[in-house]
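The values are calculated or read from the model by the stated rules, or taken from the named source; none is laboratory data. For clarity, every value in this text was computed on a predicted model and none was experimentally measured. Here Cβ is always computed from backbone atoms with ideal geometry, including for glycine, and neighbour counts include all displayed protein chains. The area values use the complete protein model at the heavy-atom level, side chains included, leaving out ligands, DNA and RNA. Shrake-Rupley method; radii C 1.70, N 1.55, O 1.52, S 1.80 Å.
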Amino acid sequence: MAFQRIVQVLMAGVALSTSALYAEPVEQSKSALVMIEYQNEWVSEEGNLRNLLVEDEERFKSAIHSSKSLLAAARKQGIATIHVTLKPDTHYRIFGDAAFGLRAAIPAANTWQDDMQAIHADFAPLPNEHVITERTGASGFAGSNLDSFLRNNGIDTLFLAGFATHVCVESTLREAHDRGYRTFVVTDATAAFTAAQQIYFENEVLHHFGRGISAKQFGEVFE
């Protein structure tokens with residue numbers, strides 16, 4: 001019975017209205033939109049990773065479209081926007097000599113190089129937006145100054161969007177939770193490689209570490 005109650009609590013909020021979704025007021029000055037890997041590897045139709053890994057292309061296109069409205073809403077409301085990039089050195093020395101995992105797969109595929117590292121023009125940062133360039137792992141916090149930036153600016157609430165849902169978005173979500181941030185994932189502004197991966201994340205993972213909202217709900221939070 002105790003376990004069932006825990007599951008009920010974790011799942012609470014799945015169908016909540018916008019007014020009830022946040023449990024407590026969301027303060028504009030303490031919130032940030034974290035845009036994860038809106039680089040050409042994912043966003044460009046010529047992106048290496050997009051063409052190698054993405055099977056659910058329609059979902060990817062939809063997520064990119066939703067992300068544009070999400071970013072516009074954040075800028076309209078003056079919400080701090082952070083762009084998390086991955087920019088390994090030419091010889092991938094930052095990843096070391098790994099035998100498996102992403103640290104091995106990225107060099108083997110020769111991805112995240114040259115023009116593919118650039119943030120796509122549709123999501124180009126404004127001068128007042130923070131860009132994470134030093135990063136060594138799947139989480140946006142890995143080897144970066146993300147945590148320092150957030151704490152130094154009094155930010156305690158995060159809204160995550162980006163790619164891929166089940167890898168870097170999920171890794172960032174988990175670490176944000178463990179570091180004490182109140183974290184939401186804008187689910188329709190994320191995409192995994194397959195529909196099954198996206199569904200599993202939304203139904204089985206997300207509620208353990210945060211809550212899901214839509215881009216439309218985000219646009220209504222600060223109005």
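Relative contact order of segment 101-193, please, whole-number percent, based on alpha carbon pairs below 8 angstrom and at least 6 residues apart.
23 percent.
Please state the shape class of segment 94-199: rounded when a/c is under 1.5, otherwise prolate if a/b exceeds b/c and oblate if not, all from the C-alpha gyration tensor.
rounded
Taking H as built 1.01 Å from N, whose amide H comes closer than 5 Å to the amide H of LEU160, not counting residues under 5 places away?
Answer set, sorted by chain and number: VAL34, PHE184, VAL185, VAL186.
What does the helix-only formula give at 222 nm for the chain: each DSSP H stretch with n ≥ 4 adding -39500 (n - 2.57), the total divided by the residues, and the result rounded to the nearest 500 deg cm²/dmol?
-10000 deg cm²/dmol
Can you work out the base-10 log of I(q)/I(0) for segment 35-127 at q = 0.12, 0.17, 0.23 1/Å, using the Debye formula on its C-alpha atoms alone?
One equal scatterer on each Cα of segment 35-127 leads to -0.43, -0.80, -1.18.
Pick out, in residue order, every one of the chymotrypsin sites (Phe, Trp or Tyr not before Pro) in segment 69-150 that is DSSP loop and has at most 10 other C-beta atoms within 10 Å; say none if there are none.
Sparse-neighbourhood loop chymotrypsin sites (Phe, Trp or Tyr not before Pro): PHE100.
Please list, in chain and number order, the residues 5+ apart from LYS87 or on another chain whose amide H is under 5 Å from its amide H, with Hs placed from the backbone.
ARG135
Looking at the chain, how many pairs of lysines come closer than 27 Å at the Cα, when each pair is eight or more places apart or spans two chains?
Within the chain, the lysine pair count is 10.
Relative contact order for the chain: what percent, with Cα pairs under 8 Å and sequence separation of 6 or more?
28 percent
Leaving ligands, DNA and RNA out of it, report the carbon-plus-sulfur percent of the accessible area of segment 49-140 at a 1.4 Å probe.
Using a 1.4 Å probe with all protein chains present, segment 49-140 comes out at 51 percent carbon and sulfur.
How do ARG50, ARG182, ARG93, ARG75 rank by accessible surface area computed with a 1.4 Å probe, from largest to smallest?
ARG93, ARG75, ARG182, ARG50
What full-extension length gain, to one decimal in nm, is calculated for ASP122 and SER69 as 0.36 nm per residue of separation minus the Cα-Cα distance?
Result: 18.0 nm gained on full extension.
Just to confirm, what accessible area per residue do you get for the chain at 1.4 Å probe, in whole Å²?
For the chain, the per-residue accessible area is 49 Å².
Using the Kirkwood radius over Cα pairs, work out the Stokes-Einstein diffusion coefficient for the chain at 37 °C and 0.692 mPa s, in µm²/s as a whole number.
The Stokes-Einstein estimate is 184 µm²/s.
Within the chain, what percent of beta bridges assigned by DSSP are antiparallel, to the nearest 5?
Of all bridge pairs located within the chain, approximately 5 percent are antiparallel.
So which residue, out of LEU160, LEU53, LEU146, gets the largest mean-square fluctuation from a GNM of the chain using Cα contacts under 10 Å as springs?
In the Gaussian network model the winner is LEU53.
Counting only complete DSSP H runs, which helices of the chain cover 20 Å or more along their long axis at the Cα atoms and score a mean Kyte-Doolittle of -1.0 or above?
57-77
Can you tell me which of VAL43, VAL205, VAL185 moves the most in a GNM of the chain? Springs connect C-alpha atoms under 10 Å apart.
Comparing VAL43, VAL205, VAL185 in the GNM, the peak value goes to VAL205.
Working out 0.36 nm times the residue gap between ALA108 and ARG93, then minus their Cα-Cα distance, what length gain in nm do you get to one decimal?
Gain on stretching ALA108 to ARG93: 4.1 nm.
Between segment 141-201 and segment 27-56, what's the alpha-carbon centroid distance in Å?
12 Å
Between THR111, THR190, THR85, where does the largest GNM mean-square fluctuation fall for the chain, given springs only between Cα atoms within less than 10 Å?
Per the Cα network of the chain with a 10 Å cutoff, THR111 tops the list.
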